[in-house]
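The structure appears right after this line, and notes come after that.
Only the coordinates and a few stated rules stand behind these numbers; no lab work does. Model, not experiment: these values are computed from the prediction. Cβ atoms come from the backbone with ideal geometry, glycine included; neighbour counts cover every protein chain shown.
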Amino acid sequence: MTELRALLTRPDADTATLAATYRPIFARIAEGNAARELAREFPHEQVRLLVAAGFSRLRIPRAHGGDGATLRQLFVLLAELGAADPNVAHVFRNHLAFVEDRLNAPEHPATELWLERFRRGDFVGGGWTEAGSAKFGEIATRLRTVDGVTRITGDKFYATGSIYADWLDVLGRDENDRVLTALVARDQAGVELADDWAGFGQRTTASGSARYRDALVDTVFPAEERFAYQGLFYQTALLAVLTGIARAAFADGARALGARGRNYPLGTAEIPARDPLLQQRIGLLATRVFAAEAALEKQSATLDDVALAHFDGADEREPLVTATVRTHEAQTVIVEAALEVTGGIFDALGASATAAPAGLDRHWRNARTLASHNPRVFKERVLGDHYVNGTPPPASHAFLRPQGQGT
């Protein structure tokens, strides 16, 4: 089976080694997080620092120049990066997903080319969602091939990470109406990236629009061959960043409470840090962070089960259903934890905590924005139908697959 999936192997990374490699870099990135957020300063240096260290190659086997990390290790580390700077962590989402796709893919003439690009530090941004009012799954972006040269034309939004990227992973349809993923060099005529993201969170992820006008396409891959758990991978990346935000907000809140010098008249102790009610508030929020971290670890491990089934040539359907259910469950746990922690820290602090220079609002703004990408109400309904009626959860990104091909 490995002849067809030459890049996908059994992960063998050591967790302690990964932590020793990347935690010092996360600490450096955390130092300027609040200031960058306040000034809306794009973290180009921080992204390249991580790429140079190998973070963009975490899942690539060591024999091919990566760390050979499990998916669980990948997302736990992404959560740590999210605590340091959630914008930087979110920028890596599309790149890591494209790498995962190449690891799962059948042999392709471009496989070695992309491996070499990853090793030299090339970075991939995203371009799937259509701009305008198109329904999810409707793709107006078009690819045409003339004399062996393929070009792409269309408009995308939510192009997260694109201004940091060397390559853009763009979804479009060819002359035969097949859905393809096209890899487009960012630095060329016909590609225009706009910093027009107006959200109150994710302010430096470059999640704005991208315009393609007869841009040259480097490589195309059939979208229907994308790895089976890609939708779950994308969602888990969001959950990892949300977990990191909850961790960072809690740490900032606990630190701020310890530094407060006076309490409210109705307080039960003169020093806020000694007030049992405020201690209880921080203690409760600590349990929410714990729940988010535990949910992420348990859920991301189910993605490893799907990947290993693929590697072994086994039936992926059952582990994929399990992973889908766990991802939907983890979404509600982690989203609710992140929103409670990022808002709840203010219940233990004074009005001075709302001062803009303190930057504590950034935690809630970023959490609320990330949580809005995939509203959990729909996932909770799917879970209810599954547990009550035994209905299998719908496949993620099913619109990429031919009709009749489900989970």
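Can you give the helix-only mean residue ellipticity at 222 nm for the chain, where every DSSP H stretch with n ≥ 4 adds -39500 (n - 2.57) and the sum goes over all residues, rounded to the nearest 500 deg cm²/dmol?
After summing the helix terms and dividing by the residues of the chain, the value is -16000 deg cm²/dmol.
Looking at the chain as a GNM with Cα springs under 10 Å, which of Asp147, Asp252, Asp275 has the largest mean-square fluctuation?
Asp147
Quick one: helix 230-259 against the long Cα principal axis of the chain, what's the angle to the nearest 10°, folded into 0 to 90?
20
Post the alpha-carbon centroid distance, the stretch 148-166 to the stretch 205-277, in whole angstrom.
25
Relative to the longest principal axis of the chain, what angle (0 to 90°, nearest 10) does the C-alpha long axis of helix 361-371 take?
Roughly 40 degrees between the two axes.
What's the whole-number percent of alpha carbon pairs in the stretch 298-407 lying beyond 24 angstrom?
43
Go through the stretch 232-335 and name the trypsin sites (Lys or Arg not before Pro) that are in a DSSP coil and have 11 or fewer other Cβ atoms within 10 Å of their Cβ.
Arg262
Chymotrypsin sites (Phe, Trp or Tyr not before Pro) within the stretch 181-253: which are DSSP loop residues with at most 14 other Cβ atoms inside 10 Å?
Counting only loop positions with at most 14 other Cβ atoms within 10 Å, the chymotrypsin sites (Phe, Trp or Tyr not before Pro) in the stretch 181-253 are Phe200.
Quick check: the angle from helix 44-53's long axis to the longest principal axis of the chain, C-alpha only, nearest 10 degrees?
Between the helix axis and the principal axis of the chain, the angle is about 70 degrees.
So what is the relative contact order for the stretch 15-122, in percent, with contacts set as C-alpha pairs under 8 Å and at least six apart?
About 28 percent, as a whole number.
Only counting other Cβ atoms within 10 Å, I'd like Thr15, Thr153 sorted with the fewest neighbours first.
Ordered from fewest to most neighbouring Cβ atoms within 10 Å, Thr15, Thr153 come out as Thr15, Thr153.
Just need the relative contact order of the chain here, percent rounded to a whole number, with Cα pairs under 8 Å and 6+ apart.
Reported relative contact order: 17 percent.
Out of the trypsin sites (Lys or Arg not before Pro) in the stretch 10-68, which ones are loop residues according to DSSP with at most 12 other C-beta atoms within 10 Å?
When the trypsin sites (Lys or Arg not before Pro) of the stretch 10-68 are filtered for loop state and at most 12 Cβ neighbours within 10 Å, Arg40 remain.
Taking the Cα atoms of the chain, report the difference between the largest and smallest coordinate on each principal axis, in whole Å and largest first.
Result for the chain: principal-axis Cα extents of 78, 48, 43 Å.
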